[in-house]
Structure formats: structure tokens, C-alpha cells
Amino acid sequence: MKLGMFRLGMRTFKTGLSVMVIIALFAFLHRGNPMIASLAAVFSLRQDFETTLEFGKSRVIGNAIGGIFAITYFFVFDLLHESQWVTIIVVPLLLMLLISINDGLNNNKGVIGSVAAFLMISLTIPEGASYMYAIERVFDTFLGTVIAIVMNIGVHPRDAATIAADLADRQRHSKK
């Protein structure tokens, strides 16, 4: 659909719908902030099911690695009494290692998602949080990815001929 110089395509619609489902699900389950799951859905959703599935696989691998690194960071941060210098030194070191591991696994499509999951979890840990916080945020990234994949299975654009025929029928019926 074209709105002046702007285009509202099916991918944009599916992305918005994915985020809506995530926000509603989080509200219904009293799950907390849906930001990480929403971002995971936005990062994962691609133009078609096959590409989303392929990208989703890379994203899941990246999320797992990013999540493990976030939990590792949380462990070190907790072990060293939540000192600010741990964040300043350890986050960049783990980040470099994270990118290297993704590259070594030939998971280049999952690097951004992996880094995003790691940084979002590591840098948003509330004071006094437990390891469950990090594990739940890793789960949120998987949830967002799964919803994006499901959205690409269940929501399909109609072809232009069908849309044109429907519009012609409506115009014929409205003139009667």
C-alpha cells in the first residue's frame, strides 16, 4: 500500500503485528517489559518465510551465544561485588570474544542479534537481580524470534489480481 511517498509493505505490517502480539502476550502473562522480545522479532522478520527461518536459525544461535555471555558477565559482575570497572572492562572483552565465536561458527548473519542480546541483557540488569533475570531475557529473545517466524507462516499477502478483482466487485456493488 502506498501512502504518498511512503510505502506500507507486508513486511512492515507483519513486523507491527509481531510486536503487537508480543506486547499483548507480555501484558496477559504479566511478563514485564516486552522490549527484548519485540526487538528480537524486528531483527528476525524478513521478507518471506524461508528467509525468516534461515535468519531465525542464525538469530537463535546468536541469541544462545549472547545469552551465555550475558550470564557469564552477570556471574563475573556479581562475583566482583557489582563494581563499575567490571562493566567497563569485561563487557568490551566479552563482546570481542562473542563476535569472534560467531565468526568462527560462520554465524555472520547472527552477529548483530548476538551482540544485541548480550548488550541488552548485560547493560539492563537491575540492581539485586538474580541469574533468572538473564535467563528470562534470553528466553524473551527466543520468543520474539519464534513469533516473527510464525507471523511469516500465517500472514500472507494476496496477489495483486485478487485485490484488483475485490476492488472492482466492491465498486460494482456500491453503484447499485
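This table checks each residue for (1) modelled with pLDDT of 95 or more; (2) hydrophobic (A, V, I, L, M, F, W, C); (3) open to solvent by 60 Å² or more (accessible area, probe 1.4 Å).
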position: Phe13; (1), (2), (3): no, yes, yes
position: Val19; (1), (2), (3): yes, yes, no
position: Ile22; (1), (2), (3): yes, yes, no
position: Ile36; (1), (2), (3): no, yes, no
position: Phe43; (1), (2), (3): no, yes, yes
position: Arg46; (1), (2), (3): no, no, no
position: Lys57; (1), (2), (3): no, no, yes
Does segment 79-88 contain at least one residue that is over 19 Å from Asn106 (Cβ atoms), in contact with a Ser or Thr (Cβ under 9 Å, 6 or more places away or on another chain) and not in a helix (DSSP H, G or I)? no
Criterion: closer than 15 Å to Val76 by Cα, among the hydrophobic types (A, V, I, L, M, F, W, C) and at pLDDT below 85 - qualifying residue of Ala160, Ala134: Ala134
Can you tell me which residue is modelled with the lowest pLDDT among those in segment 1-11 that are part of a loop (DSSP other than H, G, I, E, B) and open to solvent by 80 Å² or more (accessible area, probe 1.4 Å)? Met1
Looking only at residues that are charged (D, E, K, R) and more than 16 Å from Ala40 (Cα to Cα) in segment 98-132, which one is most open to solvent (accessible area, probe 1.4 Å)? Glu127
Answer residue from segment 63-97, given it is open to solvent by less than 90 Å² (accessible area, probe 1.4 Å) and of a type in the set (S, T, N, Q) and is farthest from the chain's Cα centre (by Cα) among those: Ser83
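The values are calculated or read from the model by the stated rules, or taken from the named source; none is laboratory data. The structure presented is a predicted model; accordingly, all values stated were derived computationally and were not measured. Positions of Cβ are generated from backbone atoms using ideal geometry, with glycine treated the same way; all protein chains shown enter the neighbour counts. We work out accessible area using only protein heavy atoms, side chains counted, and drop any ligands, DNA or RNA first. Shrake-Rupley method; radii C 1.70, N 1.55, O 1.52, S 1.80 Å.
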